[in-house]
Amino acid sequence: MDVLNTVKSAVGGVAGKEIMPIIIKLISEQSGGLSGLIQKFTSNGLGDVVNSWVGTGEKLPISADQISKVLGPDIIKNIAEKTGLDTNAVTGQLTTLLPQAINKLTPDGKIPEGDILKKGMDMLGGLKGGKF
């Protein structure tokens, strides 16, 4: 499965395509990977929202403020520096792209077994740079 292309196929626009590899890296470097990121949303009171992205039903929206709260200012700033976007643009993009990425990475409404994110990172050739 070509994870990066599968996720990118859901993304429109140049900025979205530039930020998607960073989102994949963010997910893969999260403690616990995709499950860890989902847990982070859950522990911040957004379990219903993130679970809707994993599930096969309606996808609940998330606000830029909620994204900022879950990820924290350091990660948002780091993404902004890597993309050349301001932090408001980053959080705005993440409100659309992060749900799409999680949805695409959880086919059939389940978190896949195995290291699907590692496959995605391998396809990217291993992005260089510091951790988020």
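The values are calculated or read from the model by the stated rules, or taken from the named source; none is laboratory data. On a predicted model such as this, the values are computed, not experimentally measured, just so you know. In this analysis, Cβ positions are derived from the backbone assuming ideal geometry, glycine residues included, and neighbour counts consider all displayed protein chains.
Go through region 60-75 and count every residue that is buried (at least 17 other Cβ atoms within 10 Å of the Cβ) and either over 12 Å from PHE41 (Cα atoms) or of a type in the set (S, T, N, Q) (or both).
4
One line per residue, one yes/no per condition, for (1) under 13 Å from ILE102 (Cα atoms); (2) more than 12 Å from the chain's Cα centre (by Cα); (3) in contact (Cβ under 8 Å) with a residue 60 or more places away in the chain; (4) outside any helix (DSSP H, G or I):
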| residue | (1), (2), (3), (4) |
| --- | --- |
| ILE22 | no, no, yes, no |
| GLN39 | yes, yes, no, no |
| SER52 | yes, yes, no, no |
| LYS69 | no, yes, no, no |
| ASP74 | no, yes, no, no |
| LYS77 | no, yes, no, no |
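With the checklist (1) assigned to a helix (DSSP H, G or I); (2) at pLDDT 85 or above; (3) loosely packed, with under 14 Cβ neighbours inside 10 Å in hand, flag the one item GLY57 doesn't pass.
(1)
Within the bounds of region 3-19, is there any residue that is at pLDDT 85 or above and either under 12 Å from LEU94 (Cβ atoms) or under 14 Å from the mean Cα position of the chain (by Cα) (or both)?
Yes - at least one qualifying residue is present in region 3-19.
Against the condition at pLDDT 80 or above and under 12 Å from ILE23 (Cα atoms), how does THR87 come out, does it pass?
So THR87 fails the test.
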